[in-house]
Amino acid sequence: MPSTTSRFKVPNTLIILLFIALLVALLVPWVPAGYFQPGVAISLDSYRVAEHNISIEWFASGKQVGLFNAPFEGMTSGSRSGSAIGVIAFVLLVGGAFGVINASGAVDRGLLRLIAITGDHPRLLLGSLFTAFAAGGAVFGMGEETIAFLALLLPLIRRMGYPPEVGVMMTYVASQIGFGTSWMNPFGVALAQGIANVPLLSGAPLRIVMFVIFVGTGVAFTLWYAGRHRKYEAPLAAGPSEAQDDSAMPAATPALTLADRLILAGIVATIAWIVWGVVAAGYFIPEIATQFVTLCCYTALIAIFARRLSADGAAEAFVAGAQQLVPAVLVISVAKGIEYLLGGSNPHAPSVLNTFLHSMGSMLETWPPLLAAQGMLAVQTAFTFVIHSGSAQAAINMPLMAGLSDLVGVTRQTAVLAYQLGNAMANMSVPTGAILMAALGVAGVPWTRWFRHHLALPAPDTADVDGHGGVCRFVWV
């Protein structure tokens, strides 16, 4: 029987999130809202059912909850130091800064030189960077910061012939692997252990072994994926006749001018400044965004004096760079709007999230210890669909999970580990994660393609490896 091929276009990420928001809006009014009593420890006994369920209107005013209000409420939620409004501002400013940096041409020339130096050993570079970002996640909880580094590294990734997904893997995914296996992160494992009354930094030997195994596996997968989807295998400094397609670079590598060297030195200095600021001075989103604005102004001045850009041209490049990330901003807004429809993440205010957490805890209370430990991991993973911050999830979940672990015969250290792994694993894939969606937006990778490649792993002939498309092919025989 002859085969026919049918093409099915995967919906835009916004369409998927809007469908999830609609589903949530239809279900929430039928689910009792609950809260944990303020002033007492969060536990199963401190849970109370609210007098009224959450009512969701199509359009709401005042303190009412409305479906069509969700994008605005999601966009304006959080604070200047966190999602969503802080992350949105950060993404737009970093995008604008890199619009100016890329327009200067210095990064392009610098990458050509770097690629010529690395020659046939790009795998060593990818593996080293993956390990470095994983260490950042393990030591000081690097997460949002990877967006800026991803923007820095994307031109290099593309120049080496790899798809942008590789950049997301070796920055954001690596940091989440580090977070999930950390033995010392003060914003993750240390916070969770303190809430659970477990000795701080205890269990380090096991977590260090896990870190080595998980990072090794992550590096191996990233290198395998990168090699499988690379557009060409010939050295990037090779001539067109030696490359396998037209995306290879010319044989001649342009020399670096003084302007190039000054701009590249500014980029390196900014990276060092960011690392020092995060580790030693407690810098977070507002400070890091300001650092990139400083780099942007410095680069623009050099480019103007070198007559590569005019003042108007630099401003236009900034606007164009920010415009490229507007789709990511909209996705972040809708993702956070889903949390708004569920009633928010305050454990002491009526919400469906609190009801979900209490229901899961009550169910696990009757399970055998081994299954209960797996159930805790599942609960933490599911809860990350709406609460993505590691510190926020620790503050909300750990008081309940710590007490629950005593009831079911599971050690509190196991409950902390379930929190770490559940949060990290979900944050690598869920479409409601603001930081993941921001990273994918910077890389220009639709979530649908990210999900398809890294969870479904399609065959090479059906994969969208060139960064353009978003079409799944189904073959009916």
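The values are calculated or read from the model by the stated rules, or taken from the named source; none is laboratory data. Only a predicted model underlies this, so the values are computations on that prediction, with no experimental measurement involved. As a convention, Cβ positions derive from the backbone with ideal geometry for all residues, glycine included, and neighbour counts pool all protein chains shown. What goes into the accessible areas is simple: the full protein's heavy atoms, side chains included, and nothing from ligands, DNA or RNA. Shrake-Rupley method; radii C 1.70, N 1.55, O 1.52, S 1.80 Å.
Remarks
- First in segment 346-371 and open to solvent by 70 Å² or more (accessible area, probe 1.4 Å), second anywhere and at pLDDT 85 or above, Cβ under 7 Å, 6 or more apart: H348/Y35; H348/F36; H348/P38; W367/G375
- The single condition among (1) at pLDDT 85 or above; (2) open to solvent by less than 10 Å² (accessible area, probe 1.4 Å); (3) over 25 Å from M210 (Cβ atoms); (4) not hydroxyl-bearing (S, T, Y) that A434 does not meet is (1).
- Evaluated against (1) under 18 Å from F356 (Cβ atoms); (2) assigned to a loop (DSSP other than H, G, I, E, B); (3) at pLDDT 85 or above, R48 falls short on exactly one condition, (2).
- Segment 208-224 - residue that is in contact with a Leu (Cβ under 9 Å, 6 or more places away or on another chain) and in contact (Cβ under 8 Å) with a residue 60 or more places away in the chain and, of those, least open to solvent (accessible area, probe 1.4 Å): T222
- Restricting attention to segment 176-188, the residues that are modelled with pLDDT under 85 and surrounded by 22 or more Cβ atoms within 10 Å (Cβ to Cβ) add up to 2.
- Test for T146: is it polar (S, T, N, Q), open to solvent by less than 20 Å² (accessible area, probe 1.4 Å) and in a helix (DSSP H, G or I): yes
- Checked against the criterion of being outside any helix (DSSP H, G or I), surrounded by fewer than 18 Cβ atoms within 10 Å (Cβ to Cβ) and at pLDDT below 85, the candidates S81, S61, S77 yield just one match: S81.
- Listed by first and then second residue, the pairs linking a residue in segment 312-330 that is closer than 22 Å to A84 by Cα to a residue that is open to solvent by 40 Å² or more (accessible area, probe 1.4 Å) and not acidic (D, E), with Cβ atoms under 7 Å apart and 6 or more places separating them unless they lie on different chains, are A322/L92; L325/L92; V329/L92; L330/L14.
- Here G282 fulfils each of the conditions (1) free of Cβ contacts under 8 Å to residues at least 40 places away in the same chain; (2) assigned to a helix (DSSP H, G or I) apart from (2).
- Some residue of segment 106-122 being at pLDDT below 85 and in contact with a Gly (Cβ under 7 Å, 6 or more places away or on another chain): no
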